[in-house]
Amino acid sequence: MVKKLPSAARQAIIRDRLAQQPGVSITELAQEFAVSEMTIRRDFDALEEKLQIQRTHGGAVLTERMMFEFDYRERRERNRAEKCAIAAEARKLIRPGQRLMLDNGTTSLELAALLKDGERLTVVTPSLAVASELQHASGVEVVLLGGVLREGSPDLTGPLTEHCLEMFTVDLAFQGADAIGPDGAIYNVDMRLARVDRTMRRVAERCCILADHTKLGRTALARSGTLADVDIFLTDTGAPSALLKRYARLGVKIVTPAVLTAQP
C-alpha cells in the first residue's frame, strides 16, 4: 500500500497506470493510496483541468493527447542506448554552416538533441518533435515543413510536405527506417512517409540512414528505396555481420558505433 504521497506524485502514478490499463476507479485508487475518495476526485479534477484524463462513471481514462504522448515516449525509449550511439556517430558527420534535413524518426530526434550547440546550421524537418527540440538552439535555424499532421505521430506528411521539400537543397539528409530488408530495401510503415523520404533523398547531396539492429532483415508496408540509394548507413554492433556484408555490396558505407552500457 502506498501512503502519504503528495498530490503531484499520486497524479503521476495515476497517469502511468492509465497508460498501462484501460481505466481506473476512484474506489480502488482511494484504497491503494490510503486516502479518501474525495481526495482522488480532487486528483481527477486537477488532471482533467490539464486535459490529461477524461472522467468516466466512477473512474477515468486517458485523453487521446495523453495516450499519444505515452505511446511516443515508449517508442523513443525503445532501444534508446543503440539510438543514442547511432546519433552520436551521425553528429560527427556534421560541420558548421551545413544545411541538413532530419526526418521524423526517433533516432533523428536523438540526433537533433545533439545539435543544440551547432554553429550556423539550418535544419529542414517535417517533425514537430525535432523542431521543438531545436527551437531554443541559437546556432540552428529550423525550417518546419508544411503538411498534414499524421495521426498518432508528431510529423507532417502529404503532397504539401513533398512540394515544400522540392524548394530546398541540403548538404546532408538523415533518415530513419521502419525496416531494412535482407536485400537492402528500405521500408516505411506508411506510404506517405515513403514518398516524403524519397523526396528528401532527391534534394540532398548526401543521405545517411539511421537504423538500429532490430530494424534489419525485415520488411514493412511501403518501400521507399534501397541502401544503394544512400551514402552512409549507421547501425549498431548488434547488427548481424552476414547482413552487413550483403548490404556493403550495394556500395553504401556502413558504420557500427559501439553502444555504451550503463555502469552499475
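For (1) under 24 Å from Arg192 (Cα atoms); (2) touching a residue at least 60 places away in the same chain (Cβ under 8 Å); (3) among the acidic types (Asp, Glu), each residue gets a yes or a no:
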| position | (1), (2), (3) |
| --- | --- |
| Gly118 | no, no, no |
| Thr125 | yes, no, no |
| Gln135 | no, no, no |
| Thr157 | yes, no, no |
| Phe168 | yes, yes, no |
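I want to confirm something. Restricting to segment 149-177 and keeping residues that are part of a strand (DSSP E or B) and buried (at least 19 other Cβ atoms within 10 Å of the Cβ), which single residue is farthest from the chain's Cα centre (by Cα)? Among those residues, the one meeting the criterion is Val170.
Here segment 33-83 is the region considered, the condition is being under 15 Å from the mean Cα position of the chain (by Cα) and modelled with pLDDT of 75 or more, and the residue that is surrounded by the most Cβ atoms within 10 Å (Cβ to Cβ) is Lys83.
Return the residues of segment 19-32 that are at pLDDT 85 or above and out of contact with any helix residue (DSSP H, G or I) (no Cβ under 6 Å at 6 or more places or on another chain); say none if nothing qualifies. If the condition is that a residue be at pLDDT 85 or above and out of contact with any helix residue (DSSP H, G or I) (no Cβ under 6 Å at 6 or more places or on another chain), then Ser25, Thr27, Glu28, Gln31, Glu32 are the ones that fit.
Of the residues making up segment 192-226, those that are of a type outside the set (Lys, Arg) and assigned to a helix (DSSP H, G or I) number 9.
Can you find a residue in segment 163-178 that is at pLDDT 95 or above, over 15 Å from Leu102 (Cα atoms) and touching a helix residue (DSSP H, G or I) at 6+ places or on another chain (Cβ under 6 Å)? No, that holds for no residue. You will find that of Ala112, Ala137, Ala129, the residue that is aliphatic (A, V, I, L, M), over 18 Å from Val189 (Cβ atoms) and part of a helix (DSSP H, G or I) is Ala112 and no other. The residues in segment 25-40 that are within 15 Å of Ala9 (Cα to Cα) and either outside the structural domain of Ile14 (by TED's automatic domain parsing) or part of a helix (DSSP H, G or I) (or both) can be counted, and the count is 6. Does segment 115-126 hold any residues that are crowded, with 18+ Cβ neighbours inside 10 Å and not in a loop (DSSP other than H, G, I, E, B), and which are they? Listed by number, the residues that qualify are Leu121, Val123, Val124, Thr125.
The values are calculated or read from the model by the stated rules, or taken from the named source; none is laboratory data. Because the structure is predicted, anything quoted here is derived from the model rather than measured. Cβ coordinates were reconstructed from backbone atoms using ideal geometry, including for glycine residues, and neighbour counts include every protein chain displayed.
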